[in-house]
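Taken together, the values in this text are just the output of simple stated rules run on the coordinates, not laboratory data. Everything numeric in this text was worked out from a predicted model, so none of it was measured. Here the Cβ positions follow ideal geometry from the backbone for every residue, glycine too, while neighbour counts run over all protein chains shown.
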Amino acid sequence: MSSANEPVLPQGAGYGVGIGLFFSAFMITLTAIQARYTAFSPKNSEEFSSASRSVKPGLIASGIVSAWTWAATLLQSSAVAYKYGISGPWWYGAGATVQVLLFAQLAAKLKLNAPYAHTWLEIVHARWGRAAHLIFMFFGLATNIIVSSMLILGGSATVTDLTGMHTIAACFLIPLGVAIYVVVGGMRATLLCDYTHTTVLFAIILTFVFTLSAAASRPVSGNAHGSYMTMRSKNGLIFGVINVVGNFATVFQDQAYWQRAIASKPASTVKAYLLGGLAWFAIPFTLATTLGLAAVALTGDPSMRTLTPSDVSAGLPAAAAATALLGKAGAAVMLVLLFLAVTSATSAELIAVSSILTYDVYKKYINPHATEAQVLKVSHAMVAFFALCMGLAGLIFYFIGISMGWLYTFMGVILGSAVVPIALCITWSRANKWGCIGGAVSGFFSGLIAWLVTTSALNGGVINVTTSGGDFEMLAGNLASIGVGGIVAVATSLIWPENFDFDETRALNVAPSTSTHTKEDTFGEEKVGENISEKGQELTETRSVSDDEGPIITPDPDLDPVALDKAFRFAAWSSLFLTFVMLLLIPLPLFFASTVFGVRGLTAWVVIGIIWCFCSTFTVVLYPLWESRAALTQISRGIVKDIFAKGGGKYVTPAPPSGA
């Protein structure tokens with residue numbers, strides 16, 4: 001039926017969602033309320049870029065879920081379910097959850113080794129100098145560009161499919177509306193946006209889960225008995241490996257995740273990342289299992305649009321299934337769902353790149369003595385600048401025929417080589433500078449060579465977008481990139497170890513004239529032990545961070561090195577255990593047993609996803625409200641005072657104690 005391929009919604013719906021001015025106005029209003037009734041004002045550069053490093057774990061976890069919910073989370077996950085069956089959603093979810101869990105270790109080390117850094121690249125510069133800083137900046141910005149391009153490609157393709165909106169307009173209007181409220185509110189506005197998006201996101205996902213139920217019966221190549229109801233899927237397993245490698249790059253090298261670690265309270269950073277990672281898993285696993293398999297089951301139905309391979313690569317099975325099952329209502333809900341995913345992740349990328357361009361380019365190389373006002377002005381300008389870059393990048397990939405699905409599997413080829421070197425820089429005092437730089441560079445070229453050689457060998461020498469996007473081609477490039485980069489970095493560090501004590505990174509953004517302890521009094525990675533409590537207490541009590549040319553950062557009593565080292569050990573054991581469970585203990589026995597689920601097995605599989613969804617909803621929707629109850633009470637009282645006392649509710653900074 002040809003009408004099934006026609007846009008279900010009018011173009012006006014696409015333009016309305018694409019611009020998102022209503023939501024921008026809503027977020028600007030929240031920012032104004034925050035500025036009036038609390039002590040936090042986005043007119044301060046620290047508040048703008050890092051939310052004054054004071055955010056509690058529930059809101060950080062909600063922000064992690066929202067920032068990690070890309071267009072690909074909804075679209076590509078359903079596409080791999082459509083292609084591989086139930087193994088696709090599992091490998092998508094687990095293969096992109098473990099990186100967030102393992103990042104908890106880096107977050108703990110960040111608070112221990114560089115508590116006042118603005119970006120991870122500042123740490124690289126402080127430890128290894130300009131050459132390393134510039135090389136790793138390439139990988140960091142490349143990560144942001146690729147992630148942003150996937151957001152724009154996935155979002156614009158689906159908006160165009162559902163509404164007929166012009167793709168070029170979608171590429172630019174999507175980041176425009178987001179940039180408006182990010183410029184006004186900064187990091188805290190981004191986190192509030194994340195919470196709002198996450199709340200609506202889970203409400204819609206639960207609606208879909210309870211509405212949709214499907215079983216697919218047509219055979220699929222490479223699966224046990226040709227069934228969609230099995231974890232025994234050769235191509236699903238290959239995708240899982242590619243997914244794991246690629247997403248290490250897009251977590252460990254994306255400033256958006258470091259930014260949330262920087263913004264969080266030190267005592268709860270690890271908790272936030274573990275909760276956020278586990279909560280996020282429910283989104284692709286549950287939604288893709290239902291929508292992806294529904295798209296398969298409905299193939300050939302008059303209400304279901306015909307999906308070509310390019311449609312699947314663009315991530316359209318989810319939208320097609322929702323529309324076929326629920327008509328215009330399904331299309332509208334899918335459009336809103338996509339808007340939430342794209343805009344929340346876009347806001348995370350905008351504030352992340354703004355921080356890099358401000359602190360690692362402008363303040364590092366252009367104006368080292370920039371004033372507070374100059375830093376804030378440049379931060380605003382960089383948000384707008386990167387919003388334009390996002391639109392251009394999405395447009396370029398669209399015109400050269402690269403889809404979101406192709407880019408998703410390719411990202412690890414050029415980004416994976418820097419994963420291990422960056423992790424070593426932050427966590428290991430013995431990491432060798434030139435070994436890590438050499439690993440990143442050699443892994444980059446190794447990944448490209450392996451990808452191109454494999455493409456040529458498997459396709460008779462033909463190299464183009466179609467042939468280079470195959471499973472084995474991408475697998476070779478991903479493994480070569482992360483493997484060579486990691487081996488070179490670790491091997492050289494073991495043979496020629498350095499002995500870095502992290503004093504320079506702990507001194508980042510701290511005025512040395514106000515610190516009373518000497519280098520011998522500071523604590524290093526190897527000194528965490530018998531006398532660390534006294535030294536750590538001295539650090540948190542005596543180190544002032546006032547700077548005549550910058551913001552005032554209040555020392556945090558939570559920066560107790562003993563507690564932070566304990567948090568790191570907890571993060572290491574818990575994240576490694578969860579990684580083992582999600583990547584080995586659950587999927588591999590089912591894979592080798594070639595188990596094919598019947599109706600009862602599939603029902604149990606979906607019920608597990610539903611229960612996980614409810615637990616995630618409690619973690620990232622209800623828990624942040626509970627932990628923010630004091631702030632919400634303060635804001636409510638301020639609003640009431642403004643209503644009845646005509647302006648008496650505005651927050652006033654308490655006067656310092658007499659004699660202070």
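Measure up Lys265/Lys433; Lys56/Lys650; Lys111/Lys433; Lys111/Lys364 against 26 Å on the Cα-Cα distance and list the ones that go over.
Working: Lys265/Lys433 30 Å; Lys56/Lys650 23 Å; Lys111/Lys433 22 Å; Lys111/Lys364 22 Å.
In this structure, Lys265/Lys433 lie more than 26 Å apart at Cα.
Report D for the chain in µm² per second (integer): Stokes-Einstein, Kirkwood Rh on Cα pairs, 10 °C, 1.306 mPa s.
Values: Rh = 25.3 Å.
The diffusion coefficient I find is 63 µm²/s.
Placing a pseudo-label 7 Å from each Cα along the Cα-to-Cβ vector at Val453 and Leu632 gives an inter-label distance of 5.8 nm. Near Gly236, once Lys and Arg are set to +1 and Asp and Glu to -1 for all other residues with Cβ below 13 Å from its Cβ, the sum equals +2. Arranged from fewest to most other beta-carbon atoms within 10 Å of their beta carbon, Ser403, Ser221, Ser156 become Ser221, Ser403, Ser156.
Estimated from helices alone, the mean residue ellipticity of the chain at 222 nm is -23500 deg cm²/dmol (sum of -39500 (n - 2.57) over DSSP H runs with n ≥ 4, per residue). Take the Cβ atoms of Leu588 and His369, set R0 to 45 Å, and the FRET efficiency comes out at 0.20.
Rounded to the nearest 10 degrees, the angle from helix 269-297 to the longest Cα principal axis of the chain is 10 degrees. Estimated from the Cβ-Cβ distance and a Förster radius of 22 angstrom, the FRET efficiency linking Val336 and Leu622 is about 0.55. When Trp90, Trp612, Trp496, Trp434 are arranged by Cβ crowding within 10 Å, least crowded first, meaning fewest neighbours, the order is Trp496, Trp434, Trp612, Trp90. Dipole of region 594-654 computed with +1 at Lys/Arg Cβ and -1 at Asp/Glu Cβ about the Cα centre; of Val620, Val640, Val606, farthest Cα towards the positive end is Val640.
Between 0 and 90 degrees, the angle of helix 130-163 with respect to the longest Cα principal axis of the chain falls at about 40 degrees.
Order these peptides, 574-586, 157-169, by their mean beta-carbon neighbour count within 10 angstrom, highest first. Walk me through the numbers on the way to the answer.
Working: 574-586: 15.6, 157-169: 22.4.
Taking the mean over residues of other Cβ atoms within 10 Å, the ranking is 157-169, 574-586.
Counting other Cβ atoms within 10 Å as a rough exposure proxy, the listed residues Lys109, Lys271, Lys328 run Lys328, Lys271, Lys109 from fewest neighbours to most. Rounded to whole numbers, the Karplus 3J(HN,Hα) couplings from phi for region 421-433 are x, 5, 4, 5, 4, 7, 10, 10, 5, 8, 4, 7, 4 Hz, using 6.51 cos²θ - 1.76 cosθ + 1.60 with θ = phi - 60°, and x at Gly and Pro. Size of region 257-356: Rg and Dmax of its alpha carbons, in Å, are 17.8, 56.
Could you tell me the calculated FRET efficiency between Arg36 and Phe385, based on Cβ-Cβ distance and R0 = 30 angstrom, to the nearest 0.05? Computed FRET efficiency for Arg36 and Phe385: 0.55. Shape summary of region 50-143, radius of gyration then Dmax from alpha carbon positions: 17.0, 48 Å.
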